[in-house]
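Structure record follows, encoded as structure tokens.
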Amino acid sequence: MKYPEAIDSLIEALRKYPGVGRKTAERYALYTVNRFSEEDIDNIVSAYLKIKEDIFKCPICGNITDTDPCYICKDESRDQSTMIVVEDARDIIVMEKINKYHGLYHVLNGAISPSEGVGPEDINIKGLLERLKNEAFKEVILATNLSNEGEITAQYISRLLEGTNILVTRIAHGIPAGGNIEYADEITIFKAIEGRRKI
């Protein structure tokens with residue numbers, strides 16, 4: 001069946017979401033056309049426009065924000081000597097939910113993946129090294145995912161920081177090998193931070 005061009009365009013747009021294949025995108029698109037009111041569609045369009053206009057990456061840590069800098073970077077009550085390094089901004093949201101860690105963060109925006117052609121220069125390692133020139137930092141906690149790519153990235157950063165006065169630790173138990181931080185519950189995340197180890 002050939003859909004009208006507007007529906008085809010919506011299907012292709014929806015397929016950009018992870019885990020959404022052609023059939024799921026068709027189902028979402030047809031549900032939108034058949035079940036959503038004009039007001040519902042206007043609200044969705046408005047929400048997307050607000051993201052486009054108001055949301056950007058914090059110029060300091062890379063977190064998603066609508067203020068410059070983000071609320072974490074401008075909070076002077078946070079521990080300025082500790083930094084957690086994560087692959088993705090959504091990992092910060094998960095970690096903040098536990099309300100046990102009160103230091104700073106750095107978002108890499110990915111992980112080193114030789115098989116996909118992603119090298120150290122393709123993620124935000126340069127920004128990390130610039131921030132770590134500040135002598136206030138005493139510990140870096142590597143909280144990349146416990147996947148092959150996350151481990152490669154953690155080892156690479158650890159090697160870069162050898163010979164500095166910064167303690168480099170890695171999140172430990174709690175998150176299973178191959179697991180992603182965004183799917184872990186608060187207790188699991190807290191145990192992983194609590195049980196971090198030097199690498």
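The table below gives the values:
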item: Residue check for I112: under 26 Å from D75 (Cα atoms) and hydrophobic (A, V, I, L, M, F, W, C); result: no
item: Residue match in region 40-58 (condition: under 16 Å from the mean Cα position of the chain (by Cα), closer than 30 Å to R159 by Cα and among the β-branched types (V, I, T)); result: no
item: Whichever residue in region 29-76 is touching a Ser or Thr at 6+ places or on another chain (Cβ under 9 Å) and of a type in the set (V, I, T) and, among such residues, is surrounded by the most Cβ atoms within 10 Å (Cβ to Cβ); result: I72
item: Where a residue in region 30-46 is not assigned by TED's automatic domain parsing to the domain that holds A13 and its partner, wherever it lies, is exposed (fewer than 10 other Cβ atoms within 10 Å of the Cβ) and not basic (K, R), with Cβ under 8 Å and at least six apart; result: none
item: Residue count, region 133-154 (criterion: crowded, with 19+ Cβ neighbours inside 10 Å and touching a residue at least 40 places away in the same chain (Cβ under 8 Å)); result: 10
item: Meets criteria (at pLDDT below 95 and under 26 Å from A192 (Cα atoms)) for N99; result: yes
item: Residue match in region 66-84 (condition: of a type in the set (G, A, S) and either touching a residue at least 60 places away in the same chain (Cβ under 8 Å) or not assigned by TED's automatic domain parsing to the domain that holds E135 (or both)); result: no
item: Search result, residues across region 53-83 that are out of contact with any strand residue (DSSP E or B) (no Cβ under 8 Å at 6 or more places or on another chain) and either within 14 Å of L128 (Cβ to Cβ) or among the β-branched types (V, I, T) (or both); result: P59, I60, T67
item: Lone qualifier among R22, R15 - being surrounded by 14 or more Cβ atoms within 10 Å (Cβ to Cβ), at pLDDT 95 or above and of a type in the set (K, R); result: R15
item: Failed criterion for G19 (all others in (1) in a helix (DSSP H, G or I); (2) at positive phi hold); result: (1)
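The values are calculated or read from the model by the stated rules, or taken from the named source; none is laboratory data. Please read these numbers as outputs of a predicted model, since none were measured by experiment. Every residue, glycine as well, gets a Cβ built from its backbone with ideal geometry; the counts of neighbours run over all protein chains shown.
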